[in-house]
Structures are given as structure tokens and as C-alpha cells.
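J.: Dumping the structure here so I can ask a few things about it.
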Amino acid sequence: MYSDTVMDHFKNPRNVGEIENPDGVGEVGNPVCGDIMKIFLKIENNVVVDAKFKTFGCGAAIASSSMATELVRGKTLEEAWELSNKAVAEALDGLPPIKMHCSVLAEEGIHTAINDYRKKHGLLQWVEKNPHSHDHTEDLTCDH
Ligand code: FES
């Protein structure tokens, strides 16, 4: 059912844990399956210098958090914002269709953490103008 990459990131997740004094924190959950993901970002000079996560959820959600935190490290905030759930799923060599929503949690967690940072720095105006900013709640349908 899962690719080797998903299994690798599930069994040996990268970047698990918390960042002390994070610059941005995003906690998101899927109300249907009850899975919860918390993303911590360290940001310096507009670049994500560290990213960690804590996920209480299914294997695909853990693998998605692991891959998403890997992918945003070293990226500018604008580049990190562009990370889509599809890109996370592709980097994992695919997710079964019924597990795609788990990667949406990762995208949403990164977005929420970036917005937390922007709120703290009075930069949220930029987000509202960003065409990629949208509400994900309708994407979060769970199958069990
Ligand atoms: Fe709900 Fe994976 S996030 S089953």
C-alpha cells in the first residue's frame, strides 16, 4: 500500500520534536480522524533554518510531516509557502488516494506556522494578498 519512501519516513521520521523558542508554530487537526500535527519553525533573515514536528496520527501523516519539514528547511518563507500537499506526496513517491488528505495536514501545518510568524511580525497583510492563501477545511475529509 505504501512506497518504500513513505515507510522509511514513517519508521525513521526526520525532525521529530520541538524547537525551543520557535519563531512560528502551526497546530492543525483533522476533525474526522482526530489526527493532530504541530509544526515548529525557526526563521532567520526570511529563511527557514530549522523545522520540527510532533504528530499524533496515522503513518501517512507522520511520513508527510517528516518529508514536509525536510522540504522547507533552507527555503525562504515564500518558497516554503509554495510547498503543496501534492509536492509532499510526490516526494514520498506517492500516497494512496485515500491518504492524500494526510499530506494536506502537512501543507496546512506549514502554512499555519508561517502565518503565526507573519502575525507576530505584522506581515499578515502580504498573506491576504497571496492568491495561494486559502482555507483548507474542505480538503480535510477523512475516510475513517
Ligand atoms: Fe487522518 Fe491520516 S491524517 S488518517
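Residue-by-condition table, conditions (1) over 21 Å from Lys42 (Cα atoms); (2) at pLDDT below 95; (3) assigned to a loop (DSSP other than H, G, I, E, B):
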{"site": "Met67", "(1), (2), (3)": "no, no, no"}
{"site": "Val88", "(1), (2), (3)": "no, no, no"}
{"site": "His101", "(1), (2), (3)": "yes, yes, no"}
{"site": "His111", "(1), (2), (3)": "no, no, no"}
{"site": "Ile114", "(1), (2), (3)": "no, no, no"}
{"site": "Gly122", "(1), (2), (3)": "no, yes, yes"}
{"site": "Glu128", "(1), (2), (3)": "yes, yes, no"}
{"site": "Asp135", "(1), (2), (3)": "yes, yes, yes"}
{"site": "Cys142", "(1), (2), (3)": "yes, yes, yes"}
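J.: Is it the case, given these coordinates, that Gly59 is modelled with pLDDT of 95 or more, open to solvent by less than 50 Å² (accessible area, probe 1.4 Å) and within 13 Å of the ligand (Cβ to nearest atom)? Steps first, please.
T.: Working: modelled with pLDDT of 95 or more: yes; open to solvent by less than 50 Å² (accessible area, probe 1.4 Å): yes; within 13 Å of the ligand (Cβ to nearest atom): yes.
Taking the combined requirement at face value, the residue satisfies it.
J.: On to the next question. If you take the residues of the range 15-30 that are open to solvent by 70 Å² or more (accessible area, probe 1.4 Å) and in contact with a helix residue (DSSP H, G or I) (Cβ under 9 Å, 6 or more places away or on another chain), which of them is nearest to Thr112 (Cα to Cα)?
T.: Just the residues of the range 15-30 that are open to solvent by 70 Å² or more (accessible area, probe 1.4 Å), to begin with: 16, 18, 20-21, 27.
Keeping just the survivors that are in contact with a helix residue (DSSP H, G or I) (Cβ under 9 Å, 6 or more places away or on another chain) gives 16, 27.
Values: Val16: 18, Glu27: 7 Å.
So, considering only residues that are open to solvent by 70 Å² or more (accessible area, probe 1.4 Å) and in contact with a helix residue (DSSP H, G or I) (Cβ under 9 Å, 6 or more places away or on another chain), the one nearest to Thr112 (Cα to Cα) is Glu27.
J.: If I filter the range 7-56 down to residues being of a type in the set (A, V, I, L, M) and over 14 Å from the mean Cα position of the chain (by Cα), which single residue comes out as farthest from Gly109 (Cα to Cα)? Break it down into steps so the answer makes sense when it comes.
T.: Here is the first cut: in the range 7-56, the ones of a type in the set (A, V, I, L, M) are 7, 16, 19, 25, 28, 32, 36-37, 39, 41, 43, 47-49, 51.
Those still in the list that are over 14 Å from the mean Cα position of the chain (by Cα) too: 7, 19, 32, 43, 47, 49.
Numbers: Met7: 21, Ile19: 15, Val32: 17, Ile43: 15, Val47: 17, Val49: 17 Å.
The selected residue is Met7.
J.: For residues that are within 13 Å of the ligand (Cβ to nearest atom) and open to solvent by 40 Å² or more (accessible area, probe 1.4 Å), scanning just the range 87-102, find the one that is nearest to Gly29 (Cα to Cα).
T.: Selected residue: Met100.
J.: Which one is farthest from the ligand (Cβ to nearest atom) among residues in the range 31-51 that are over 20 Å from His121 (Cα atoms) and open to solvent by 50 Å² or more (accessible area, probe 1.4 Å)? Talk me through it step by step, then tell me what you get.
T.: Narrowing the range 31-51 to residues over 20 Å from His121 (Cα atoms): 31-38.
The next check asks that each one be open to solvent by 50 Å² or more (accessible area, probe 1.4 Å); those that pass are 31-32, 36, 38.
Numbers: Pro31: 10, Val32: 7, Ile36: 9, Lys38: 13 Å.
So the residue we want is Lys38.
J.: Among the residues of the range 63-86, write down those that are more than 10 Å from the chain's Cα centre (by Cα), within 18 Å of His9 (Cα to Cα) and open to solvent by less than 50 Å² (accessible area, probe 1.4 Å).
T.: Within the range 63-86, just Ala63 meets the criteria.
The values are calculated or read from the model by the stated rules, or taken from the named source; none is laboratory data. The model shown is predicted, which means the values in this text are computed figures rather than measured ones. Positions of Cβ are backbone-derived with ideal geometry, glycine not excepted, and every protein chain shown enters the neighbour counts. When the accessible area is computed, the model is the full protein with side chains, heavy atoms only, and any ligands, DNA or RNA have been set aside. Shrake-Rupley method; radii C 1.70, N 1.55, O 1.52, S 1.80 Å.
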